[in-house]
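The structure under discussion appears below in the form of structure tokens.
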């Protein structure tokens, strides 16, 4: 009677090489974010209309999350009553050469949009509003000078663009 004994493979006896742990990759924010934020940071007061009603909008813009995102907080009022609050974040992706904007509102609606950035003082954002329905949106921000901003927003409804808001803003 022969008894077979399993022998360990040669690799099991090989010395184990200890490797130094890999250094984590640190991804730094694109310098475009801080450069763009420098012109935007501050408090803005806006007047205009929201769905054909006279409205006011207060914006506070800061650089957030270790200079990776530009954060905007907004409070819109009609007849002195706050009707809409939202927080917006935007950042730049140097790989795709595009900006991404995310907005979250107190209505639970949110917007995802992209832009190629500043073109002669104008930003055009295209994206989707997710709320009670999903709607294609287009927002335009035009800086007329260092302390003035014009903002308009349209939604595509029944195949046609319809103006939702228009504001003229001044930096305080």
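For this structure, a couple of remarks:
- The set of residues from region 22-60 being assigned to a helix (DSSP H, G or I) and in contact with a strand residue (DSSP E or B) (Cβ under 7 Å, 6 or more places away or on another chain) comprises 32, 33, 34, 36, 37, 40.
- Strands (runs of 3 or more DSSP E) contained entirely in region 71-135, each with at least 3 residues that are farther than 22 Å from residue 155 by Cβ: 81-93
- Filtered residues of region 20-59 (kept if modelled with pLDDT of 95 or more and within 16 Å of residue 102 (Cα to Cα)): 59
- Screening residue 101 against (1) surrounded by 12 or more Cβ atoms within 10 Å (Cβ to Cβ); (2) modelled with pLDDT under 95 leaves a single unmet condition, (2).
- Residue in region 137-151 that is over 24 Å from residue 43 (Cα atoms), in a loop (DSSP other than H, G, I, E, B) and either within 18 Å of the chain's Cα centre (by Cα) or in contact (Cβ under 8 Å) with a residue 12 or more places away in the chain (or both) present: no
- Qualifying residue in region 143-151 (condition: under 19 Å from residue 52 (Cβ atoms) and modelled with pLDDT under 95): no
- Region 118-130, subset surrounded by fewer than 18 Cβ atoms within 10 Å (Cβ to Cβ) and at pLDDT 95 or above, residue nearest to residue 86 (Cα to Cα): 130
The values are calculated or read from the model by the stated rules, or taken from the named source; none is laboratory data. Everything quoted here is computed from the prediction, not taken from an experiment. Ideal geometry is used to build each Cβ from the backbone, glycine not excepted, and the neighbour counts take in all protein chains shown.
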